[in-house]
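Encoded as structure tokens, the structure appears first; notes follow it.
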């Protein structure tokens with residue numbers, strides 16, 4: 001009998017050592033793994049927030065892909081609101097991702113649970129931050145949490161590397177989604193395109209100076225141009241346009257009104273300006289003085305971001321020009337900025 005008691009005690013001590021060792025290892029080993037990525041996009045905060053909070057498009061980038069095909073899913077609740085869920089099937093089994101927090105234009109938080117693995121949860125946090133350079137940074141943090149003692153198995157199976165790999169793949173899909181579904185040339189809400197423009201022959205009014213934020217027309221200058229062309233039957237080549245030149249003061253600019261001509265025309269009474277054609281940035285908008293100021297700033301930002309040297313003259317083409325006057329709201333306006341590429345330093 002004493003030998004049996006001794007063996008039993010030894011077995012119990014051994015079991016206790018194993019349990020304590022397992023507990024100690026579980027405490028010392030990590031139970032959560034996180035990964036962070038940063039994506040730079042050119043779009044408004046509203047557009048980025050709408051994409052990240054719309055569960056209906058998650059199959060294109062968030063849900064794991066199988067043979068490049070997204071899994072089937074079901075949305076429960078009101079999409080884009082707190083409490084909305086997307087239910088889908090993946091390698092972990094039936095899965096539910098829920099929106100648990102929203103801060104308009106700034107932050108989205110998700111919580112994911114797995115029906116067949118109640119010891120496992122994951123969390124996602126998206127933050128949208130403006131860079132001040134007509135771009136946004138989307139920060140995406142993912143955290144996967146294992147309950148004890150499953151964190152021990154996860155550690156030795158290399159789940160940390162797996163979490164990062166899957167996260168970076170999803171981030172690549174998100175980046176591709178942004179690029180494929182939204183213009184990459186969006187600055188401050190304006191779409192800017194690169195194009196080739198022809199030479200311009202312009203009959204130009206007198207030049208005046210205004211503050212950068214103002215959009216002022218000199219109606220009598222336009223009348224003078226129109227009367228001059230009409231009396232001499234000079235063929236025009238399009239709608240009137242504005243010219244903007246840099247001024248000595250940083251807060252001011254020089255302005256003029258011009259009428260495009262088919263060819264060179266010299267006059268002793270009026271100015272003639274030739275603008276050589278070539279590569280140009282083009283932006284269209286309708287709106288007020290503040291909208292015009294924002295559009296011009298967007299062009300400058302675009303040129304700076306892509307290393308383009310803008311020529312001094314900015315063309316303001318009026319595609320819809322119902323009347324002259326200070327009210328520019330009914331005008332459909334197109335800005336044209338000719339540019340050259342910056343020379344790379346050796």
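Just so you know, all these numbers are worked out from the coordinates, no wet-lab data involved. What you see is a predicted model, and the numbers here were worked out from it, not measured in a lab. Quick reminder, even Gly has a Cβ in these numbers, built from the backbone with ideal geometry, and neighbours come from all protein chains shown.
Note on residue 194 and residue 135: the extension gain reaches 19.4 nm, defined as 0.36 nm multiplied by sequence separation minus the Cα-Cα distance. Ranked by the mean number of other Cβ atoms within 10 Å per residue, highest first, peptides 42-51, 145-154 order as 42-51, 145-154. Projecting label points 7 angstrom from Cα along Cα→Cβ for residue 111 and residue 57 puts them 2.6 nm apart. Estimated at 0.36 nm per residue, the fully extended path between residue 247 and residue 273 surpasses their Cα-Cα distance by 7.6 nm. One chain, two ends: residue 87 and residue 176. Fully extended at 0.36 nm per residue, the span grows by 29.7 nm beyond their Cα-Cα distance.
Take 135-141, 193-199 and order them by the average number of nearby Cβ atoms within 10 Å per residue, most first; the result is 135-141, 193-199.
Sorting 239, 337 by the number of Cβ atoms found within 10 Å of their own Cβ, with the fewest placed first, yields 239, 337. Using the average count of surrounding beta-carbon atoms within 10 Å as a protection proxy, the listed peptides 104-111, 297-304 rank, highest first, as 297-304, 104-111.
For a quick check: sort 34, 292 by the number of other beta carbons within 10 angstrom, fewest at the front.
On the way: 34 17, 292 21.
By the 10 Å Cβ count, ascending, the order reads 34, 292.
On the principal axes of its alpha-carbon atoms, segment 28-184 has extents of 47, 32, 32 Å, going from largest to smallest.
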